[in-house]
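Enquirer: Dropping the structure in here first, questions after.
Each value in this text was obtained by applying a stated rule to the coordinates, not by laboratory testing. Not measured: the values here are computed from a predicted model. Methodologically, a virtual Cβ is constructed for each residue, glycine included, from the backbone with ideal geometry; neighbour enumeration extends over all protein chains shown.
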Amino acid sequence: MRKYREIAKTYLKTQLAWRADVIFNMVFTVGRILFAFLLWRVIFAQKETVAGFTFHGMLSYYIISSFFTQLEMSHGISEEIAAEIRNGIFSKYIVIPVNVEGYFAAMELGVVLFYLFFDFAAAFIWIFLFGIEFAIIEDGLIIACALVMVLLGLFFMVQLNFFLGILTFKYEEISTFLMIKNNLAALVTGSIVPLALFPDTVVSFMRFLPFYYVTYLPSMLLTGRCADEAARGLAVLACWCVILQAAIGIAWRRYAKNYDGVGI
């Protein structure tokens with residue numbers, strides 16, 4: 001455990017060398033909320049509620065979902081793994097005395113911890129700058145369920161990107177897989193628009209997908225909605241994590257043995 005803690009600390013410190021990334025991360029967070037503010041102010045000028053949301057409730061959702069979306073930064077894992085396998089330098093992870101997947105999970109933890117403060121800062125700036133009546137549930141159990149779901153969601157995304165990355169052992173180019181994953185996640189996580197605006201049949205289908213529970217459901221829970229889905233959400237997401245972990249084990253045993261450490 002100590003080895004992984006040191007890896008996380010190392011990557012946390014590494015982020016200090018990329019100050020421009022910090023600035024752009026906050027700009028993207030603020031920009032996403034600004035877009036929502038301008039769009040929904042026009043829409044709510046014509047009506048008081050939309051899909052059960054008030055204006056401030058909708059902005060509260062966007063602040064929370066944007067915060068969670070910016071924390072999810074594991075997309076770089078698949079790209080880094082793919083590039084290093086192709087360049088023949090992935091061996092450095094295999095020879096160190098740590099689990100390779102654990103290494104990338106610890107790396108992601110260090111990055112998330114670093115950006116956590118700045119994402120909080122961006123959210124608070126919006127709440128106070130625009131006088132938003134921030135709506136958040138006061139039920140401690142629901143809050144705890146939402147936070148556990150967020151952690152499971154972040155872990156699932158690390159698993160998914162690690163799995164897609166090691167597919168490079170078998171397929172030299174995985175850009176198609178990444179494109180499908182990125183577009184599907186952008187839609188089903190509710191980071192573009194709340195899924196409550198979709199038809200019930202579409203939302204019912206999305207509940208079978210893990211992305212539904214990564215950002216959208218935790219954000220809804222914290223704004224006082226969908227409380228009846230909390231327990232089921234944890235169970236479904238946990239099942240997806242178990243399934244994906246099994247897939248990682250199979251892919252690693254089947255494909256990594258063919259890697260000779262000199263690139264593709």
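Enquirer: Restricting segment 122-172 to residues that are free of Cβ contacts under 8 Å to residues at least 60 places away in the same chain and not in a helix (DSSP H, G or I), which is nearest to Ala256 (Cα to Cα)?
Expert: Across segment 122-172, the extreme among qualifying residues is Tyr171.
Enquirer: Something else now. When you scan segment 208-227, how many residues do you find that are without any contact (Cβ under 8 Å) to a residue 40 or more places away in the chain and either under 22 Å from Leu59 (Cα atoms) or surrounded by 16 or more Cβ atoms within 10 Å (Cβ to Cβ) (or both)? First the steps, then the outcome.
Expert: Taking segment 208-227 as the starting set, the residues that turn out to be without any contact (Cβ under 8 Å) to a residue 40 or more places away in the chain are 208-209, 211-212, 226.
Checking the rest, the ones that are also either under 22 Å from Leu59 (Cα atoms) or surrounded by 16 or more Cβ atoms within 10 Å (Cβ to Cβ) (or both) come to 209, 211-212, 226.
Count: 4.
Enquirer: In the list Asn161, Asn183, which residue meets the criterion of being surrounded by 20 or more Cβ atoms within 10 Å (Cβ to Cβ) and polar (S, T, N, Q)? Outline the logic, then answer.
Expert: Working: Asn183 fails: surrounded by 20 or more Cβ atoms within 10 Å (Cβ to Cβ).
Only one candidate passes the filter, namely Asn161.
Enquirer: Conditions: (1) buried (at least 17 other Cβ atoms within 10 Å of the Cβ); (2) under 15 Å from Ile33 (Cβ atoms). Phe128 meets all but one. Number of the miss?
Expert: (1)
Enquirer: Now for a separate question. Is it true that some residue in segment 210-219 is of a type in the set (Gly, Ala, Ser), outside any helix (DSSP H, G or I) and closer than 20 Å to Ser66 by Cα? If you could, list the steps in order and put the result at the bottom.
Expert: Our first condition is that a residue be of a type in the set (Gly, Ala, Ser); within segment 210-219, this holds for 219.
Of the ones still in play, those that are also outside any helix (DSSP H, G or I) are none.
No, segment 210-219 contains no residue that is of a type in the set (Gly, Ala, Ser), outside any helix (DSSP H, G or I) and closer than 20 Å to Ser66 by Cα.
Enquirer: Return the residues of segment 60-98 that are among the aliphatic types (A, V, I, L, M) and out of contact with any helix residue (DSSP H, G or I) (no Cβ under 6 Å at 6 or more places or on another chain); say none if nothing qualifies.
Expert: Ala83, Ile89, Ile94, Val95, Ile96
Enquirer: Look at segment 222-232 and say how many of its residues are more than 13 Å from Leu195 (Cβ to Cβ) and part of a helix (DSSP H, G or I).
Expert: Within segment 222-232, residues that are more than 13 Å from Leu195 (Cβ to Cβ) and part of a helix (DSSP H, G or I) number 6.
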